[in-house]
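The values are calculated or read from the model by the stated rules, or taken from the named source; none is laboratory data. Here the structure is a predicted model, which means the values were calculated and not measured. Don't worry about glycine lacking a Cβ; one is built from the backbone with ideal geometry, like all the others, and counts go over all protein chains shown.
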Amino acid sequence: MRKINLLLIDIALLYGSLVAMLGLRYQSNFSEEYQIHLLPFTIIFVIWLIVFYIAGLYDPRTLRNSIFFYSRLFEAVIVSTVVSTSFFYLIPFFGIAPKTNLALFIIIFAALEFGIRSLFNSIVETKFKKLTLIVGNNDQAQELAEFIRENPQLGYDLKEIIDSQQAVHLSEALATPDLDTVVISPDAYHISKVTETFYKALGRKINFYSLATFYERLTGRVPLGAINQIWFLENLSEGSKQTYEILKRIGDIVFGLIFGVLSLLFYPFIILAMQLDSRGPAFYTQIRIGQHGKTFKLIKFRSMILNAEAKTGALWSPNNDTRVGKVGRFLRKTRLDEIPQFWNIVRGEMSLVGPRAERPEFHETLKKEIPFYEERYLVKPGLSGWAQINYSYGASVKDAGEKLKYDLYYIKNRSFLLDIGIVLKTIRTAISQAGK
């Protein structure tokens, strides 16, 4: 609901700024100028909203008055300004080149946007807090509690964590005035006195959530320690996704071919730069594990020096990996090393969006160390994915466990809307060179 409210506010500010600009510039013939400017500005407004989404300005986790938020907002306004200017001067279809009008519009909108967003963030962070209680003290409960404390803008105020054995204290806590939300750990359900206490509190208008459900909704990932096989049967049944999977496959073929062909334009420049930096073949194939555990050959531009793993064998790539050349590091940061994978997508071995394709050398270790790790192979691996845009490159078993939480969230909630959001945010990663 907060995302929708912010979207509506931004739409109102965009059109309000347009009206204000035209009112200042054209008092005598406002109606005529409004009709002239409405369509072209509506087109750039759509672009502005997409840029704002890519910048994360509708993500509740970023909505707090901090340098990070203001820098994101400033960057989004700058990018939108450049795109808008290019639109009017490179596509003169509408017969207007509103240099002064556009500058005035941007000044008005930027001032209103910074002011309204700051006010919105302040209200959300300090007002309308939902008093929250967590029942059952375990690792996942502690992680959730820390997340709530670190993100006050999400609108929850943690009262305390109560051990599921403290039934008497629980009864007192449930009687706390203004208590809104109770999050229940799995172990609490197995204690009859605790469940009876919950049942008696039903008339107090308290919202009860399982730890897995609430954790997932707040963080965008699934808590591995709070789920079991029943969770997978209830949430990952594939029968309801058949139509989605068919249409997604059609989309993969169409967009894989389009982007694959367009990417051919970059091949000569990438190959030339690679040869100047490091002699050797331009392309690199690697065995990866795909859907249902089937292996395939993944295609990439070579980013490492030749025979980088000849002596060491398969290794996770650490920060400042000495095996990666200067050009290779740039290719990785912009993810240009991965564009040959469009042909893996066309062949049906990968999808545009999905979990990262893992190497067999790491798979055996990971499936032993991490519970439910093999469930990530229920869907095809992706060129980008929910874990890739939310978590840095994994370089350890612990990192793989964290990324699995995001992978399971994606597998459960995958949809065209989520896929589009992931693709758009991947664009930001490539442009900002935030890859690895």
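With the requirement that a residue be within 31 Å of the chain's Cα centre (by Cα) and surrounded by fewer than 16 Cβ atoms within 10 Å (Cβ to Cβ), what does segment 10-38 give you?
I11, A12, Y15, G16
Sort through K333, K368, K326 and tell me the only one that's charged (D, E, K, R), over 24 Å from the mean Cα position of the chain (by Cα) and either within 19 Å of I431 (Cα to Cα) or not assigned by TED's automatic domain parsing to the domain that holds Y391 (or both).
The match here is K326.
In segment 341-358, which residues are crowded, with 16+ Cβ neighbours inside 10 Å and either of a type in the set (D, E, K, R) or in contact (Cβ under 8 Å) with a residue 60 or more places away in the chain (or both)? Give the steps one after another, and end with the answer.
Step one: of segment 341-358, the residues crowded, with 16+ Cβ neighbours inside 10 Å are 341-342, 344-346, 349-358.
Result: F342, I345, V346, E349, M350, S351, L352, V353, R356, A357, E358.
Go over the candidates D419, D407, D399 one by one and state the one that is of a type in the set (D, E), touching a Gly at 6+ places or on another chain (Cβ under 9 Å) and either farther than 18 Å from I50 by Cα or in the same structural domain as Y215 (by TED's automatic domain parsing) (or both).
Of D419, D407, D399, the one residue that is of a type in the set (D, E), touching a Gly at 6+ places or on another chain (Cβ under 9 Å) and either farther than 18 Å from I50 by Cα or in the same structural domain as Y215 (by TED's automatic domain parsing) (or both) is D407.
Would you mind finding the one in A55, A76, A141, A111 that is free of Cβ contacts under 8 Å to residues at least 40 places away in the same chain, among the aliphatic types (A, V, I, L, M) and crowded, with 18+ Cβ neighbours inside 10 Å? Working first, answer last.
Details: A55 fails: free of Cβ contacts under 8 Å to residues at least 40 places away in the same chain; A141 fails: free of Cβ contacts under 8 Å to residues at least 40 places away in the same chain; A111 fails: crowded, with 18+ Cβ neighbours inside 10 Å.
Selected residue: A76, the only one of A55, A76, A141, A111 that is free of Cβ contacts under 8 Å to residues at least 40 places away in the same chain, among the aliphatic types (A, V, I, L, M) and crowded, with 18+ Cβ neighbours inside 10 Å.
Looking only at segment 351-378, count how many residues are in contact with a strand residue (DSSP E or B) (Cβ under 6 Å, 6 or more places away or on another chain), of a type outside the set (D, E, K, R) and not in a helix (DSSP H, G or I).
Selection size over segment 351-378: 5.
If I ask for residues that are of a type in the set (V, I, T) and in the same structural domain as N413 (by TED's automatic domain parsing), which ones from segment 223-249 would you list? Don't jump to the end; show me each part of the working.
Initial filter on segment 223-249 (of a type in the set (V, I, T)): 227, 230, 243, 246.
Across segment 223-249, the qualifying residues are T243, I246.
Among the residues of segment 187-244, how many are of a type in the set (D, E, K, R) and farther than 28 Å from I420 by Cα? Don't jump to the end; show me each part of the working.
Initial filter on segment 187-244 (of a type in the set (D, E, K, R)): 187, 193, 196, 200, 204-205, 216-217, 221, 234, 238, 241.
Narrowing further to those that are farther than 28 Å from I420 by Cα: 187, 193, 196, 200, 204-205.
Total meeting the criteria: 6.
I'd like the full set of residues that are loosely packed, with under 15 Cβ neighbours inside 10 Å and aliphatic (A, V, I, L, M), limited to segment 244-270.
I246, L247, I250, I253, V254, L257, I258, V261, L262, L264, L265
Would you call I411 of a type in the set (A, V, I, L, M), touching a residue at least 40 places away in the same chain (Cβ under 8 Å) and at negative phi?
On the way: of a type in the set (A, V, I, L, M): yes; touching a residue at least 40 places away in the same chain (Cβ under 8 Å): yes; at negative phi: yes.
The answer is yes for I411.
Of the residues N121, N137, which is under 27 Å from G155 (Cβ atoms), not charged (D, E, K, R) and not assigned by TED's automatic domain parsing to the domain that holds L14? Let's see the steps before the verdict.
Working: N121 fails: not assigned by TED's automatic domain parsing to the domain that holds L14.
Just one listed residue meets the conditions, N137.
Would you be able to say whether some residue in segment 117-128 is over 20 Å from the mean Cα position of the chain (by Cα) and assigned to a loop (DSSP other than H, G, I, E, B)?
Yes: segment 117-128 contains one or more residues that are over 20 Å from the mean Cα position of the chain (by Cα) and assigned to a loop (DSSP other than H, G, I, E, B).
Please verify whether segment 61-73 includes one or more residues that are exposed (fewer than 15 other Cβ atoms within 10 Å of the Cβ) and farther than 29 Å from R2 by Cβ.
no
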